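Peer 1: After the structure tokens below, expect a handful of questions from me.
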Amino acid sequence: VQLQASGGGLVQAGGSLRLSCAVSGRSFSDFAMAWFRQAPGKEREFVGGFTRRGGEKYYSDSVKGRFTISRDSAKNTLYLQMNSLKPEDTAVYYCAANSRSYGLADRGSYDYWGQGTLVTVSS
């Protein structure tokens, strides 16, 4: 299974970006799928994700109402629409796949990771 994240870049505060994560090797409906992020000097943290088979979506409190996760099953692709971006959203964003039925927000539960894409929000 390979995950390829893309779409990062430099944006001003208040702007928007959309990240994509293309999954190959298996259908992503076999996994819980999520986005994590890691800012310089900080631990990797959960941003949001789908449970297996896309049953439910969850978000961290820090992005709720601003970020939206979606998926295109035909393209086997996960998206993260980020609106009202803040400088504190600056981080490397990773998509990840979890074959377990638990641990959506637990980075230790994930089997596969994308390479990360850098999002920089200027003030």
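Peer 1: I need to check one value: relative contact order of segment 1-68, counting alpha carbon pairs closer than 8 Å and at least 6 residues apart, in percent.
Peer 2: This gives 22 percent for segment 1-68.
Peer 1: Take the alpha-carbon centre of segment 45-72, take the same for segment 74-123, and report the distance between them in whole Å.
Peer 2: For segment 45-72 versus segment 74-123, the Cα centre distance is 9 Å.
Peer 1: Moving on. Please report the carbon-and-sulfur percent of the accessible area for segment 2-123; probe 1.4 Å, protein heavy atoms only, DNA, RNA and ligands left out.
Peer 2: Roughly 46 percent, rounded to a whole number.
Peer 1: How are the Cα pair distances of segment 6-58 distributed, in percent, across 5 Å bins from 0?
Peer 2: The distribution over segment 6-58 is 4, 15, 18, 25, 21, 10, 7, 1, given as percents.
Peer 1: For Cα pairs less than 8 Å apart in space and 6+ apart in sequence, what is the mean separation divided by the residue count of the chain, i.e. the relative contact order in percent?
Peer 2: The normalised contact order for the chain reaches 36 percent.
Peer 1: A follow-up question, please. Can you list the lysines whose alpha carbon is less than 23 Å from that of Lys64, not counting same-chain residues fewer than 8 positions off?
Peer 2: Lys42, Lys86
Peer 1: So what's the net charge close to Arg66: Lys and Arg +1, Asp and Glu -1, counting the other residues with Cβ under 9 Å from its Cβ?
Peer 2: Within the 9 Å Cβ shell, the charges total +1.
Peer 1: Let me ask something else. Have a look at the DSSP beta bridges in the chain and tell me what percent are antiparallel, nearest 5.
Peer 2: 90 percent
Peer 1: Per residue, how many Å² of accessible area does the chain show with a 1.4 Å probe?
Peer 2: 50 Å²
The values are calculated or read from the model by the stated rules, or taken from the named source; none is laboratory data. None of these values were measured; they are calculated from a predicted model. A quick note on method: Cβ atoms are made from the backbone with ideal geometry, for glycine too, and the neighbour counts reach across all protein chains shown. The accessibility values were calculated without ligands, DNA or RNA, using every heavy atom of the protein model including side chains. Shrake-Rupley method; radii C 1.70, N 1.55, O 1.52, S 1.80 Å.
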